[in-house]
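Working notes, structure below.
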Amino acid sequence: MKYLVMVQSTQADYEAMRGRPSQHSPVWSEKDLQAMFSFMEGVNNDLAESGELVDAQGLVEPAKTRFVSVDAEGRPVISDGPYGETKELLAGYWVLDCASLERVTEIAARVARCPVPEGTPDYPVVIRPIQDGAGDLC
């Protein structure tokens, strides 16, 4: 079964990684950034070696996100970032092909242990099974 494993972040977190802390997120040092990147590279390498990795990507900051909806007349309504500090958005993801929900949960628990500076917000790692076809919707 394929799963989408997602990590979340806020604009304040990206700013803190650039050396601009806030009440929401402490500043990241170069050592902190390198520890995070090294950790994630290890996760990706292990998943590639096990054959479970389908795709993995980090995403740009929320300020570069665009929300598109429609109004009552069907016209597009576009909202561009930046968004408030507490607006959590997808920061990165993995598409994994795992034998079981238990296995992908083990992987998500490993991702949740990624090193971060003390005081950094704790976001859950989200697992969503990827539906094959219409699944149980029909």
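The values are calculated or read from the model by the stated rules, or taken from the named source; none is laboratory data. Worth saying up front: this structure is predicted, and the values here are computed from it rather than measured. Here the Cβ is made from the backbone with ideal geometry for all residues, glycine too, and neighbour counts use every protein chain on show. For accessibility, only protein heavy atoms count, side chains too; no ligands or nucleic acids. Shrake-Rupley method; radii C 1.70, N 1.55, O 1.52, S 1.80 Å.
Would you confirm, using the coordinates I've provided, whether ASP46 is surrounded by 11 or more Cβ atoms within 10 Å (Cβ to Cβ) and acidic (Asp, Glu)? Criteria met by ASP46. Within segment 16-43, residues that are in contact (Cβ under 8 Å) with a residue 12 or more places away in the chain and on the phi < 0 side of the Ramachandran plot have Cβ atoms under 7 Å from residues that are open to solvent by 50 Å² or more (accessible area, probe 1.4 Å) and among the small types (Gly, Ala, Ser) in these pairs: PRO26/GLY119, counting only partners at least 6 apart in sequence or on another chain. Looking only at residues of segment 93-114 that are surrounded by 13 or more Cβ atoms within 10 Å (Cβ to Cβ) and not hydrophobic (A, V, I, L, M, F, W, C), we find that the one that is nearest to MET6 (Cα to Cα) is TYR93.
Per-residue answers, yes or no, for (1) among the charged types (D, E, K, R); (2) modelled with pLDDT under 95; (3) under 18 Å from the mean Cα position of the chain (by Cα); (4) surrounded by 13 or more Cβ atoms within 10 Å (Cβ to Cβ):
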{"site": "TYR3", "(1), (2), (3), (4)": "no, no, yes, yes"}
{"site": "ALA12", "(1), (2), (3), (4)": "no, yes, yes, yes"}
{"site": "PRO26", "(1), (2), (3), (4)": "no, no, no, yes"}
{"site": "ASP32", "(1), (2), (3), (4)": "yes, no, yes, yes"}
{"site": "MET36", "(1), (2), (3), (4)": "no, no, yes, yes"}
{"site": "MET40", "(1), (2), (3), (4)": "no, no, yes, yes"}
{"site": "SER50", "(1), (2), (3), (4)": "no, no, no, yes"}
{"site": "ILE78", "(1), (2), (3), (4)": "no, yes, no, no"}
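If the condition is being open to solvent by 40 Å² or more (accessible area, probe 1.4 Å), touching a helix residue (DSSP H, G or I) at 6+ places or on another chain (Cβ under 8 Å) and not aliphatic (A, V, I, L, M), then segment 115-125 contributes PRO115, PRO124. Looking at ASP122, is it under 17 Å from VAL54 (Cα atoms) and modelled with pLDDT under 95? Considered against the rule, which asks whether it is under 17 Å from VAL54 (Cα atoms) and modelled with pLDDT under 95, ASP122 comes out as no. Residue count for segment 20-53 under the criterion of being closer than 13 Å to PRO117 by Cα and among the basic types (Lys, Arg): the result is 1.
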